[in-house]
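Here's the structure we're looking at; comments come further down.
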Amino acid sequence: MLYVKYFTIQKSTPSSNPKTDSITLVGEVLERVVILIPSGHVGLTGLQVYYGDYQLIPQPKGEWLKGDNVLLSIPIMFELPEYETTLKLRGYNEDDTYDHTFYLYFITVSRETATWQRQFINMLRRLLRGLGV
């Protein structure tokens, strides 16, 4: 399943008092998160994604995802503790002129699909190591 969230943070929102929002995902495994940070953010904004107190993105805990004109595709393979799981978003915007939006895409899959993907990746790694790559 694909879930989409547009997370807009108003101008002059400090990291000491970030905006929060949430998204509820249905599924067994959060396979991937794709994030677009459009041109214009110029490192003045930051984003964090949490499950409860556990910071999923970025690592390590306490860091902020920043950038400008960046498209990230992040493999997560995070087993969702409940079939309906709520993730929390936190964001700041130090720009004093413009609001900014992060575009987030969450992809969930079944445990069976996630297991198949893991097995395929491990098999491919063993094959490449055997070839000396």
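Taking all protein chains into account, the per residue accessible area for region 1-109 stands at 51 Å² (1.4 Å probe). Here Lys66 sits with roughly 110 square angstrom of accessible surface, probe radius 1.4 Å. Its Kirkwood hydrodynamic radius, worked out from the mean inverse distance over all distinct Cα pairs, puts the chain at 16.0 Å. Annotation: amide H of Arg32 within the under-5 Å range of Ile76, Met77, Ile107, sequence separation 5 or more or interchain, hydrogens built in the peptide plane. Checking the a/c ratio against 1.5 first, then a/b against b/c, what shape does the Cα gyration tensor give for region 62-133? Cα axes put region 62-133 in the oblate bin.
Val133 sits with roughly 130 Å² accessible to a 1.4 Å probe, with DNA, RNA and ligands left out of the calculation.
Scalar couplings 3J(HN,Hα) for region 4-21, obtained by applying the Karplus form with A = 6.51, B = -1.76, C = 1.60 to θ = phi - 60°, are 10, 9, 9, 10, 9, 10, 5, 4, 6, 9, x, 5, 6, 9, x, 6, 10, 8 Hz; x denotes Gly and Pro.
Here the 3J(HN,Hα) profile of region 93-99, calculated from phi with Karplus coefficients 6.51, -1.76 and 1.60 at θ = phi - 60°, is 8, 7, 5, 9, 10, 10, 6 Hz, Gly and Pro shown as x. To put it simply, the accessible area of region 1-41 at a 1.4 Å probe is 50 percent carbon and sulfur.
Rolling a 1.4 Å probe across all protein chains gives Phe78 an accessible area of roughly 40 Å².
For Asp99, the residues whose modelled amide H falls within less than 5 Å of its own, excluding neighbours fewer than 5 places apart on the same chain, are Lys11. Based on DSSP H segments of at least four residues, each scored -39500 (n - 2.57), the chain has a per-residue ellipticity at 222 nm of -5000 deg cm²/dmol. Share of carbon and sulfur in the accessible area of region 60-132 stands at 53%, probe radius 1.4 Å. Distant-in-sequence amide contacts of Leu25, defined by a placed amide H-H separation under 5 Å and a gap of 5 or more residues or a different chain, comprise Thr85, Thr86, Leu87.
The values are calculated or read from the model by the stated rules, or taken from the named source; none is laboratory data. Predicted model only: the values in this text are computed from it and were never measured. These accessible areas exclude ligands, DNA and RNA; they are computed on the full protein's heavy atoms, side chains included. Shrake-Rupley method; radii C 1.70, N 1.55, O 1.52, S 1.80 Å.
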